[in-house]
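Accompanying notes for the structure given below.
The values are calculated or read from the model by the stated rules, or taken from the named source; none is laboratory data. Keep in mind the model is a prediction, meaning the values are calculated, not measured. Glycine gets a Cβ as well: all are built from the backbone with ideal geometry, and neighbour counts include every protein chain shown. For accessibility, only protein heavy atoms count, side chains too; no ligands or nucleic acids. Shrake-Rupley method; radii C 1.70, N 1.55, O 1.52, S 1.80 Å.
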Amino acid sequence: MNSSTLGEFLLGRPGDFQYENAELGRLLNAIRLAGKVVSHEIRKAGLVDITGTVGSTNVQGEEQQKLDIFANDAFINTLTNREIVCGIVSEENEDIIEIHGADNRNRNKYVVVMDPLDGSSNIDANITVGTIFGIYHRISPIGTPVTMEDFLQSGNNQVAAGFIAYGTSTMMVYTTGNGVNGFTLNPAIGTYYLSHPNVTIPKDGGIFSVNEGGYVHFPQGVKNYIKYCQKEEGDRPYKGRYVGSMVADVWRTMLQGGIYFYPESTGKPHGKLRLLYECNPLAFLMEQAGGKATNGHMRIMDIKPTDIHQRMPFFGGDAKMVDKAMEFIRLAGE
Ligand code: AHG
Ligand code: MN
Ligand code: MN
């Protein structure tokens, strides 16, 4: 393969980083390393199940961990040991994680928000799962403990964001606000190669992706939009595709076009997806790929979070399709 490796790519694009280059480069390196550790573990999942189920002890006498806890530990340990961030918010931890540094004076500039294993209920069915991450420059002064405010920043402030997808191959896809690039892991040598340069969402996708099981509980505008997608007229009906791993659904949307949405419903008044570590990073990617991401009313990345685990409806993908969905919501007066 002639394409550049992720390491070479990072070195060749110093202008990509809004702030000090080396520190953010090291941070992305830590993320790609933890991704390899998780990828390796996930590839064993089927085999491990032969010798024991989650929560039991395997033949080596090691305690088997649920994969989302394994992924959480892998990312937290890598970021902590390398002392390159001052704090982390993870889906798996109720509170913010403060990283003190060896001499108790953390001098790092960045905080990370992450969903260590997205789509984890799909693991047993051998379906793609992923890790989602967003990186922010801290607001509080360097050398002091991180604060809630460092994490409650709008998505507009993301310095970088991306995901690692553990699918038929392992991929790392990220943006620093200068387009989206995707790298595929060659597992034989443990190196990611640039496989998807400058990803752009195609305009003629014609795929809609939503869990239609929730249909009767969706707001009227969303119901009307789904009926519109199904209607035989013009380029419709659109194809329906739904993996149930946001990472996989968003990546397919970025490559093949279409719209992915997770609306609010009567049982879930704010939808299901988390603003900080699911919606914002993937909204950043979609916008950088020429698409759009909203909550049905406004841009995801303009929303000022009030809680680190806050949920938010999500409509992302081809800008025209997202606009259409928003039009139906508006028309229904919701
Ligand atoms: P997680 O595994 O991190 O809890 O996230 C799962 C999320 C998202 O990946 C996916 O799109 C959505 O939940 C699926 O939810 P439904 O089963 O309600 O469709
Ligand atoms: Mn998730
Ligand atoms: Mn998760």
**Complete:** Here the residues within the range 127-168 that are open to solvent by 50 Å² or more (accessible area, probe 1.4 Å) and either within 16 Å of ligand 1 (Cβ to nearest atom) or under 17 Å from Asp307 (Cα atoms) (or both) are Ile127, Ile139, Thr147, Met148, Glu149, Asn156, Asn157
**Request:** Pick out the one residue from Phe208, Phe218, Phe183 that is more than 16 Å from ligand 3 (Cβ to nearest atom) and under 26 Å from Ser90 (Cα atoms).
**Result:** Phe183
**Prompt:** Considering the range 136-162 alone, what residues qualify as being among the acidic types (Asp, Glu) and without any contact (Cβ under 8 Å) to a residue 60 or more places away in the chain?
**Reply:** Glu149
**Complete:** Looking across the range 195-251 at residues that are among the hydroxyl-bearing types (Ser, Thr, Tyr) and surrounded by fewer than 21 Cβ atoms within 10 Å (Cβ to Cβ), the single one that is nearest to ligand 1 (Cβ to nearest atom) is Tyr242
**Single residue of Lys109, Lys66 found to be under 19 Å from Ala165 (Cα atoms) and either open to solvent by 60 Å² or more (accessible area, probe 1.4 Å) or more than 15 Å from ligand 3 (Cβ to nearest atom) (or both)** = Lys66
**Prompt:** List the pairs whose first member sits in the range 212-228 and is of a type in the set (S, T, N, Q), whose second member is assigned to a helix (DSSP H, G or I), and whose Cβ atoms are under 8 Å apart, counting only residues at least 6 apart or on separate chains?
**Reply:** Asn224/Phe328; Asn224/Leu331
**Request:** Output yes when any residue across the range 26-35 is in contact with a strand residue (DSSP E or B) (Cβ under 6 Å, 6 or more places away or on another chain) and at pLDDT below 85, and no when none is.
**Result:** no
**Prompt:** Any residue in the range 147-166 that is at positive phi and more than 16 Å from ligand 2 (Cβ to nearest atom)?
**Reply:** no
**the range 5-21, residues that are out of contact with any helix residue (DSSP H, G or I) (no Cβ under 7 Å at 6 or more places or on another chain), open to solvent by less than 40 Å² (accessible area, probe 1.4 Å) and modelled with pLDDT of 80 or more** = Thr5, Gly7, Phe9
**Prompt:** Which one of Thr176, Thr170, Thr147 is touching an Asp or Glu at 6+ places or on another chain (Cβ under 8 Å) and not aliphatic (A, V, I, L, M)?
**Reply:** Thr176
**Message:** Suppose we keep only residues that are surrounded by 18 or more Cβ atoms within 10 Å (Cβ to Cβ) and among the small types (Gly, Ala, Ser) within the range 86-105. Which one would you say is farthest from Gly130 (Cα to Cα)?
**Reply:** Gly87
**Request:** Being part of a strand (DSSP E or B) and open to solvent by 30 Å² or more (accessible area, probe 1.4 Å) is the filter here, so list the residues in the range 181-193 that pass it.
**Result:** Thr184, Asn186, Thr191, Tyr193
**Request:** Pull up the range 92-126, narrow it to residues that are aliphatic (A, V, I, L, M) and within 11 Å of ligand 1 (Cβ to nearest atom), then point me to the one that is nearest to Val247 (Cα to Cα).
**Result:** Leu117
**Asked** Can you find a residue in the range 75-85 that is under 21 Å from Thr170 (Cβ atoms), in contact (Cβ under 8 Å) with a residue 24 or more places away in the chain, open to solvent by less than 40 Å² (accessible area, probe 1.4 Å) and within 14 Å of ligand 2 (Cβ to nearest atom)?
**Response** yes
**Asked** Does the range 121-138 contain at least one residue that is closer than 27 Å to Ala102 by Cα and more than 16 Å from the chain's Cα centre (by Cα)?
**Response** yes
**Item:** Condition broken by Ile300, with the remaining ones in (1) within 16 Å of ligand 1 (Cβ to nearest atom); (2) in contact with a Leu (Cβ under 6 Å, 6 or more places away or on another chain) satisfied
**Value:** (2)
**Item:** Exclusive hit being within 16 Å of ligand 2 (Cβ to nearest atom) and without any contact (Cβ under 8 Å) to a residue 60 or more places away in the chain, set Ser90, Ser120
**Value:** Ser120
